Number of protein chains: 2
Amino acid sequence: MIYYINLFYMEDKKELLIVALGGNALLDSKSKGTIEEREAAAAITAEQLMPLFQNTRYSVILTHGNGPQVGNLLIQNEEASSKVPPMPLDVCVAETQGEIGFILQKALQNTFNKHGMKNVTLTLLTQVLVDENDPAFSDLSKPVGPYYTKEQTLEILKTKDWKFREDPAGKGYRRVVASPKPVKIMQAGIISDLVARDYSVIAVGGGGIPVWISEENEIRGMEAVIDKDLASAQLAADLKADKLIILTNVECCYINFKKSNQIELRDLNLDEAQTYFDQGHFSAGSMGPKVQAALEFVQNTGNTAIITSIEKLNEALEGSAGTIIHQ
Amino acid sequence: MIYYINLFYMEDKKELLIVALGGNALLDSKSKGTIEEREAAAAITAEQLMPLFQNTRYSVILTHGNGPQVGNLLIQNEEASSKVPPMPLDVCVAETQGEIGFILQKALQNTFNKHGMKNVTLTLLTQVLVDENDPAFSDLSKPVGPYYTKEQTLEILKTKDWKFREDPAGKGYRRVVASPKPVKIMQAGIISDLVARDYSVIAVGGGGIPVWISEENEIRGMEAVIDKDLASAQLAADLKADKLIILTNVECCYINFKKSNQIELRDLNLDEAQTYFDQGHFSAGSMGPKVQAALEFVQNTGNTAIITSIEKLNEALEGSAGTIIHQ
């Protein structure tokens, strides 16, 4: 039996920031998605994030989406399906966590090193619990993977209980899956331990690998996708983060977006944000889930959420850019 | 400024074991590789490992290979290459760390929970440093991915500087890549921190993502594969582990394997093991790298390595099965 006495001190407690990277931070939608293009995008993003990491007031956890990457992987699974058994969607999300995590982690560590910073980054595989009774499972809404012809769709339905939806623009049929709400970040405790040891953690990639708990009390994968902003808000709530920061390709939220009477939203309390949300100012495919994620985080914690672009991130933290949502 | 005083004690120090799982622990070579087959294989493996995790004398880190999985992923990349830019080998290894890590972690955590154990497992994305001057880069020896016809090979060579080798059995041409020696586990310090917090860590999947440091002092991915047993030995050396345990599909090493004068090897010192290795008793594709990994670990640390099957693991730890290699 060995006894240790350990004396240490902590500087004034750091602010914990959860920063959710938008899809185009890692794969420009205009690019083909070669590794060279993706590494270049990650290097630019890493450089833009440096002021955040250099500010010793902050502990930072990075999260990111995986829309284009998991789409590509589903196409690869499909094209090779006569030779290699396709993996279910949960396993595909896990694959993209490895893929994107590696590219982002490498870019981030190289940028830390270039600036002589001592930060060490890492990527933690992250599962996210969903509720198998979530209404999303009876209203499949999220299109994933390639377009199919009607004949291909009928062929697939012989062996799989997938659901398809016809594309309104006539591009064919696409599989639709559930996008349930995150209930709990399964690795939140581990992430918290890693942050306490000052690691710059990358986690909850692609919204996390969806899992549920069966009647036999077993963790099981779920063929679904979780919105990465909602999953980031859940992580921020689980860890009682000080701020949730959602990065996107516009500087802030707007009402009457892209209309002649467009108005920038700079500072919103919960009621104001909820009202604009209910009025339908934020589109379901882009700003909607970001505002919803911000609302949930502020409601759960009483802390503040920011929606802005990566270029305006530092100004937004000083309060001079972006949309700030608070109690 | 806040001061903390922290008093704690440690039980007699635990033994740190690095346990390398063989390929068939997670994907039976006789199966097609569906998710159902893979989950079933992982569940059996997890159950077989329980006595190890239940023994409070041990801290355990699991490593694993990715041969069949990265082979499948390369086929998927190839089949979809007209639609989706193929990823380089380092990114593919990262994808398999996510894929295999998720399946193994889920099986392991479910088995811990079933037995009422408090263990928490996690998967850490792991890069492994290699030396760009390793002689393996001028003698590409490791075949990866699908077989190609001569015409396909010539077509690929128009855009890529890959190397191919004709299959002696006439199945076509296969890409060959370097299999350099691991120099350092980039995340060894993080793994050590996680073990100190009692997490049951899964790391160095598939031998790790190969990286090198460029002249500009940048971490870069490398199109290569690292032997998972050598990478596990490197992790064991970096962490000064007490034991390296390499699990395979035979109970121990043999000389004159499968001949009438076959002899079980139960206890070898470094000289004996090196002599049998030099005499070519251990085949390059299977037992050779395992004995080499064991030799390197024992030479580097003075500690003991064990080569055995998962079924004989507990007997081997008691000294009554397997091949033990020591100073």
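The values are calculated or read from the model by the stated rules, or taken from the named source; none is laboratory data. This structure is a prediction, so every number in the text was calculated from the model and none was measured. All Cβ positions, glycine included, derive from the backbone under ideal geometry; neighbour counts span all protein chains shown. Surface accessibility is based on the protein's heavy atoms, side chains included, excluding ligands, DNA and RNA. Shrake-Rupley method; radii C 1.70, N 1.55, O 1.52, S 1.80 Å.
Some notes on this structure:
- Per-residue accessible area (protein heavy atoms, 1.4 Å probe) orders B:His115, B:His64 as B:His115, B:His64, starting from the largest.
- 12 Å Cα-Cα reach of A:Lys240 towards aspartates and glutamates, excluding residues that sit fewer than 8 places from it in its own chain: A:Glu15
- Converting phi to 3J(HN,Hα) with the Karplus coefficients 6.51, -1.76 and 1.60 and the offset θ = phi - 60°, the range A:131-148 yields 9, 5, 9, 4, x, 4, 6, 9, 9, 5, 10, 9, x, 9, x, x, 7, 10 Hz in sequence order, with x at every glycine or proline.
- Helix-only mean residue ellipticity at 222 nm for the protein assembly as shown, each DSSP H run of n ≥ 4 adding -39500 (n - 2.57), per residue, nearest 500: -11000 deg cm²/dmol
- In a DSSP loop and with at most 15 other Cβ atoms within 10 Å, the trypsin sites (Lys or Arg not before Pro) in the range A:197-254 are A:Arg197, A:Lys240.
- Convex hull of Cα atoms in the protein assembly as shown, direction-averaged projection (nm²): 32.3
- Compactness of the range A:16-318 as Cα Rg over 2.2 N^0.38 Å, two decimals: 1.01
- If the chain linking A:Gln152 and A:Asn261 were pulled fully straight, counting 0.36 nm for each residue of separation and taking away their Cα-Cα distance, it would gain 34.7 nm.
- Which of B:Val120, A:Val91 is most accessible, then next, and so on - probe 1.4 Å: B:Val120, A:Val91
- For the range B:16-318: relative contact order, % (alpha-carbon pairs under 8 angstrom, 6 or more apart): 21
- Convex hull of alpha carbon positions in the range A:55-140: directionally averaged projected area 8.6 nm².
- Cβ-derived FRET efficiency at R0 22 Å, B:Ser138 paired with B:Glu216, nearest 0.05: 0.40
- Shielding by partners - mean other protein chain Cβ count within 10 Å, residues of A:186-194: 4
- Computed label-point distance, nm, for sites A:Ser82 and B:Asn249 using a 7 Å Cα→Cβ extension: 2.9
- Efficiency of FRET between A:Lys163 and B:Glu15 - r from beta-carbon atoms, R0 51 angstrom, step 0.05: 0.50
- Among B:143-155, B:172-184, A:310-322, the order from most to least packed when residues are scored by Cβ within 10 Å on average: B:172-184, A:310-322, B:143-155
- Förster-model FRET efficiency, 41 Å R0, A:Glu318 and B:Lys240, C-beta, rounded to 0.05: 0.30
- Of A:Lys150/B:Lys30; B:Lys83/B:Lys171; A:Lys171/B:Lys106; B:Lys290/B:Lys312; B:Lys83/B:Lys150, pairs whose Cα-Cα distance is over 28 Å: A:Lys150/B:Lys30; A:Lys171/B:Lys106
- Rg/Rg_globular for the range B:1-128, with Rg_globular taken as 2.2 N^0.38 Å and Rg from C-alpha atoms: 1.34
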